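A short write-up of the structure that comes next.
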Amino acid sequence: MSATAEATAHAISPGAAVFSPVGEAVIDCRLEKVFYGDFLAVRNSNVPIEKGKITGFIGPSGCGKSTVLRSLNRMNDLIPSFRFEGHVKYHGQDVYGKKVDPVVVRRYIGMVFQQPNPFSMSIYDNVAFGLRLNRYKGNVEERVQKALERAALWKEVKDKLNKSGLSLSGGQQQRLCIARAIATEPDVLLMDEPCSALDPIATRQVEQLMLELKERYTVALVTHNMQQATRVADTTAFFGVDISEGGRTGYLVEMGETRRIFEDPQEELTKQYVSGEFS
Ligand SMILES: Nc1ncnc2c1ncn2[C@@H]1O[C@H](COP(=O)(O)OP(=O)(O)OP(=O)(O)O)[C@@H](O)[C@H]1O
């Protein structure tokens with residue numbers, strides 16, 4: 001079989017080998033089918049997120065990395081055409097359960113987006129926002145300071161907490177968004193290409209921050225940048241696109257320890273992707 005034919009054969013295989021993390025899976029994600037309207041965007045993907053680790057999602061454009069990530073904390077509920085089949089269990093509890101409040105899910109499974117998106121309010125109020133939303137009864141000032149310290153931003157902003165969050169540089173804005181996300185003490189942090197709008201120096205700062213954050217939080221990270229995955233991710237999930245039915249449906253091809261995925265992939269398609277044969 002030629003390399004191309006073999007890659008195609010892999011691309012239409014029904015699903016990935018099941019990956020079992022060594023440690024405890026904070027999130028057990030078994031995605032059967034995810035639709036936007038009639039469009040099957042992702043299928044057959046088991047993506048466990050291991051406690052205290054950074055799990056990177058890589059793959060070509062449109063393979064469903066963001067869809068899977070956003071399914072983990074019901075962020076896709078905000079899209080009316082979104083439909084999910086399968087389960088996402090957070091510490092054993094189905095986050096799609098009938099009585100589950102998605103706002104509470106997002107309190108435990110926080111999110112940082114691609115574009116730094118501070119609110120048009122002061123630096124302080126940006127970080128305090130989630131605490132107020134969740135009617136936090138403790139010392140807000142203390143929590144804000146702690147979150148800014150953990151986001152490696154405190155020293156740069158401590159004398160201008162009343163200035164607008166929008167007055168900060170791009171990299172500082174992204175760290176502010178990270179502070180906002182961690183102020184409510186989530187357990188898991190979902191990061192959707194958090195460095196794509198940043199310059200290389202700000203990117204390195206955020207990557208360093210991710211490595212520090214994993215001491216306290218579990219992180220799932222979507223990245224287009226394979227070097228970034230090798231620098232920060234403990235585990236990597238590679239997604240491909242199945243074109244066999246005439247559509248473009250994403251699915252998990254292979255998942256495992258990052259070094260193994262890059263140096264000794266089991267699937268031909270993974271090998272081709274990590275060696276840059278397609279993007
Ligand atoms: N709100 C939406 N409505 C309809 N289709 C959508 C929506 N969001 C994503 N899709 C489609 O679902 C598929 C998966 O998209 P998704 O953004 O999850 O992929 P991705 O791997 O993160 O892509 P990229 O790397 O380009 O950001 C794509 O075909 C995309 O066009």
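Some observations on this one:
- When the residues of region 224-250 are filtered to those that are within 15 Å of the ligand (Cβ to nearest atom) and either β-branched (Val, Ile, Thr) or part of a helix (DSSP H, G or I) (or both), the one that is farthest from Ser45 (Cα to Cα) is Gln228.
- In region 47-127, counting only strands (runs of 3 or more DSSP E) that sit wholly within it, the ones holding 2 or more residues that are of a type in the set (A, V, I, L, M) span 54-58, 109-112.
- Residue in region 129-139 that is surrounded by fewer than 17 Cβ atoms within 10 Å (Cβ to Cβ), within 14 Å of Ala183 (Cα to Cα) and of a type in the set (A, V, I, L, M) present: yes
- Considering residues of region 251-270 that are assigned to a strand (DSSP E or B) and touching a helix residue (DSSP H, G or I) at 6+ places or on another chain (Cβ under 7 Å) only, the residue nearest to the ligand (Cβ to nearest atom): Val253
- When residues of region 67-80 are limited to those that are out of contact with any Asp or Glu (no Cβ under 9 Å at 6 or more places or on another chain) and charged (D, E, K, R), the one farthest from the ligand (Cβ to nearest atom): Arg74
- Every pair of residues 6+ apart whose Cβ atoms lie under 7 Å, when the first sits in region 89-112 and is crowded, with 16+ Cβ neighbours inside 10 Å while the second is at pLDDT 90 or above and of a type in the set (Gly, Ala, Ser): Gly110/Ala181; Met111/Ala181; Val112/Ala181
- The lone criterion from (1) free of Cβ contacts under 8 Å to residues at least 60 places away in the same chain; (2) buried (at least 24 other Cβ atoms within 10 Å of the Cβ); (3) of a type outside the set (Phe, Trp, Tyr) left unmet by Asn225 is number (2).
Residues are listed down the side, and each one gets a yes or a no for (1) among the acidic types (Asp, Glu); (2) within 12 Å of the ligand (Cβ to nearest atom); (3) modelled with pLDDT of 95 or more; (4) within 26 Å of Thr270 (Cα to Cα):
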position: Glu6; (1), (2), (3), (4): yes, no, no, yes
position: Ala9; (1), (2), (3), (4): no, no, no, yes
position: Val22; (1), (2), (3), (4): no, no, no, yes
position: Val42; (1), (2), (3), (4): no, yes, yes, yes
position: Ile58; (1), (2), (3), (4): no, yes, yes, yes
position: Gly62; (1), (2), (3), (4): no, yes, no, yes
position: Lys65; (1), (2), (3), (4): no, yes, yes, yes
position: Phe82; (1), (2), (3), (4): no, yes, yes, no
position: Val104; (1), (2), (3), (4): no, no, no, no
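- Residue match in region 187-205 (condition: under 17 Å from the mean Cα position of the chain (by Cα), in a helix (DSSP H, G or I) and under 23 Å from Gly56 (Cα atoms)): yes
- Residue match in region 182-204 (condition: surrounded by 24 or more Cβ atoms within 10 Å (Cβ to Cβ) and of a type in the set (Gly, Ala, Ser)): yes
- Inside region 149-170, residues that are without any contact (Cβ under 8 Å) to a residue 40 or more places away in the chain and under 19 Å from Leu213 (Cβ atoms) make up a count of 6.
- Residues satisfying the stated conditions in region 70-101, i.e. under 29 Å from Gly170 (Cβ atoms) and out of contact with any Pro (no Cβ under 6 Å at 6 or more places or on another chain): Arg70, Ser71, Leu72, Asn73, Met75, Asn76, Leu78, Ile79
- Failed item, numbered, when Ser196 is tested on (1) away from the ligand (no atom under 16 Å from the Cβ); (2) under 17 Å from Val112 (Cα atoms): (1)
The values are calculated or read from the model by the stated rules, or taken from the named source; none is laboratory data. Just so it is clear, the model here is predicted, and its values are computed rather than measured. Positions of Cβ are backbone-derived with ideal geometry, glycine not excepted, and every protein chain shown enters the neighbour counts.
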